[in-house]
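To keep things clear, I will list the structure first and then write my remarks on it.
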Amino acid sequence: MMKRSPYSISFGRIPNQYISRSLMIEDIIDILNADPVEEQAFKITGIRGTGKTVTLTAIEKELREDNQWIIVDVKSNSEISKELVASLYGEVPFLTSFIDTNLNLSAFGIGLNIDKKSPVTSMDVILKKILGEVKKKNKKVLVVIDEARKTDELVDFIQEFQILIRNEFPIYLIAAGLYDDIESLENAEGLTFFLRADKYEMKPLNLTIIEDDYEKTLGVTEEIARQLAEMTKGYAFAYQAIGKYMWESGDKQISKTVLALVDEALAEKVYDKIWSELREKEKWYLSFIVKKDTISATELLELTKTSHNEWSEPRKRLIEKGILDGSERGVVKVKLPRFKEYVESRLV
C-alpha cells in the first residue's frame, strides 16, 4: 500500500507536512502572555488558501498547553456573548460551579434553574461577573473567530469587548478573515478600537524553505525542487497542492498530469470563488495583466486604451483582494500561482 501523502489540500486542519508561520505565531503568543498587558485584540488577514485557519489552530494548540488560558471558538453570526457564556459554563469546571451557585441563567437556557435566585436578564452583566471570577483565578479567556466578517452580532460583541478590556477584564480576541471582511469591520461605525488593533497579514511563504522541504520530502533534485517552489509563489495552498500531487504521482520530474491536477485543485478550492466575486472590469483588466510576470501601468493603459482614472479603482480592489502586488511603484504583478492559466481558461 502506498504511503499516504504528508501534504493536504483540506482546509481547516494542520497537515502532517506544512511550513509554520512561526514568527507570527510566536509574536502573537508573546504579546498574549506579556505582563503588563500590551494588546488584547488581534486581526489576521489574507486571501483564501494562505493558511489563516492553520495559523489560528497552531496558536490555540500552544496556548491550550498552558492551563492559564481558556480558549473559546465562536462564529461571526452567532449570539456571541451567549455562546461565549455557554462555552465557559459547559467546559470550565470552576465556572460551572460558580454560575450554578451565584447566577440563575435560566432565561438564557444556561445553567441550573434555582428558584430562590432571580434570573439575570443582561448577557453583558453575566459576562462581566464570569470574567470577574476568571480574573480571581488568574486565568485568561481567548475568543477566537475564524472567517470573521461584518455581522450585527460581531459588531455588537466588539463594542462590548472594548468595554470589557477598558474594565481590565482578562479577555482577548483573535479574528481571522479575508481582506475585504476585516476591512469592513475596521470601517464599521463605532469600531475605531478594532481599526487600531494589531493586524497580521498572511504573506507568501519563504521559497527557500519550500525548496528545501520539497527536496527532502519528495526526493527530487535541487533544480526540480527550486522550480516547484517558484511555481508556488509562496502561496500556502499551492505549496500543499503541488506537494500532494508530486508525492502521489511518484514522479521526480514535473509532469503535465501533476500540473493539471494542481490547476484543478486551485480552481475548485480557491480561484472559482475569487473569480465569482470580481467585477467584470476587474476580470477584463486581469485578462491583460496575466500575460506578463510584471506589467507597468503605462503598458497596461496602452494595451487597454484606458486612462489612469479608469484603472485606479480596479487596481485598488485587486490589490486589496490579494490578487495583485502593487508594492513596486508604477507596476503590478500577479501574486497567485498558475493564475494566468486559470484566467485564460475562463476567457476561452
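The values are calculated or read from the model by the stated rules, or taken from the named source; none is laboratory data. These figures come from a predicted structure and were not determined experimentally. Glycine gets a Cβ as well: all are built from the backbone with ideal geometry, and neighbour counts include every protein chain shown. Areas reflect the complete protein model, heavy atoms only, side chains present, ligands, DNA and RNA absent. Shrake-Rupley method; radii C 1.70, N 1.55, O 1.52, S 1.80 Å.
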When residues of the range 22-53 are filtered for being under 16 Å from ILE145 (Cα atoms), outside any loop (DSSP other than H, G, I, E, B) and open to solvent by 30 Å² or more (accessible area, probe 1.4 Å), how many remain?
-> 1
Residue that is farthest from LEU173 (Cα to Cα) [pool: residues in the range 21-53 that are basic (Lys, Arg) and at pLDDT 90 or above] = LYS52
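Is it true that MET231 is over 24 Å from ILE323 (Cα atoms), within 27 Å of the chain's Cα centre (by Cα) and at pLDDT 95 or above? Walk me through how you get there before you give the answer.
Details: over 24 Å from ILE323 (Cα atoms): no; within 27 Å of the chain's Cα centre (by Cα): yes; at pLDDT 95 or above: yes.
So MET231 does not fit the description; no.
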Could you please find all residues in the range 302-323 being surrounded by fewer than 16 Cβ atoms within 10 Å (Cβ to Cβ) and either touching a strand residue (DSSP E or B) at 6+ places or on another chain (Cβ under 7 Å) or of a type in the set (A, V, I, L, M, F, W, C) (or both)?
-> LEU303
Under the condition of being among the charged types (D, E, K, R) and open to solvent by 50 Å² or more (accessible area, probe 1.4 Å), which residue from the range 199-214 is nearest to PHE161 (Cα to Cα)?
-> LYS199
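Determine, yes or no, whether PHE161 is in contact with a Phe, Trp or Tyr (Cβ under 9 Å, 6 or more places away or on another chain), outside any strand (DSSP E or B) and either closer than 25 Å to GLU277 by Cα or touching a residue at least 24 places away in the same chain (Cβ under 8 Å) (or both). Spell out the reasoning first.
On the way: in contact with a Phe, Trp or Tyr (Cβ under 9 Å, 6 or more places away or on another chain): yes; outside any strand (DSSP E or B): yes; either closer than 25 Å to GLU277 by Cα or touching a residue at least 24 places away in the same chain (Cβ under 8 Å) (or both): yes.
It is true that PHE161 is in contact with a Phe, Trp or Tyr (Cβ under 9 Å, 6 or more places away or on another chain), outside any strand (DSSP E or B) and either closer than 25 Å to GLU277 by Cα or touching a residue at least 24 places away in the same chain (Cβ under 8 Å) (or both).
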Only residues that are within 17 Å of the chain's Cα centre (by Cα) and over 26 Å from ASP156 (Cα atoms): list them for the range 56-84, please.
-> ALA58, LYS61
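Any idea how many residues of the range 204-247 are among the hydroxyl-bearing types (Ser, Thr, Tyr) and either in contact with a Cys (Cβ under 9 Å, 6 or more places away or on another chain) or not in a helix (DSSP H, G or I) (or both)? Don't jump to the end; show me each part of the working.
Narrowing the range 204-247 to residues among the hydroxyl-bearing types (Ser, Thr, Tyr): 208, 214, 217, 221, 232, 235, 239, 245.
When the remaining residues are screened for being either in contact with a Cys (Cβ under 9 Å, 6 or more places away or on another chain) or not in a helix (DSSP H, G or I) (or both), the result is 221, 235.
Count: 2.
Please determine whether any residue of the range 270-280 is among the β-branched types (Val, Ile, Thr) and closer than 28 Å to LYS316 by Cβ. Walk me through how you get there before you give the answer.
Going through the range 270-280, the residues among the β-branched types (Val, Ile, Thr) turn out to be 270, 274.
Right, trim to closer than 28 Å to LYS316 by Cβ and you get 270, 274.
Scanning the range 270-280, I find at least one residue that is among the β-branched types (Val, Ile, Thr) and closer than 28 Å to LYS316 by Cβ, so the answer is yes.
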Take the range 238-249 and flag every residue that is touching a residue at least 40 places away in the same chain (Cβ under 8 Å) and open to solvent by 10 Å² or more (accessible area, probe 1.4 Å).
-> GLN240, LYS244, TRP247, GLU248
Out of ARG226, ARG196, sole residue that is open to solvent by 30 Å² or more (accessible area, probe 1.4 Å), within 30 Å of LEU185 (Cβ to Cβ), free of Cβ contacts under 8 Å to residues at least 24 places away in the same chain and of a type in the set (Lys, Arg) | ARG196
Does VAL143 satisfy the condition of being under 17 Å from the mean Cα position of the chain (by Cα) and either among the polar types (S, T, N, Q) or closer than 24 Å to SER97 by Cα (or both)?
-> yes
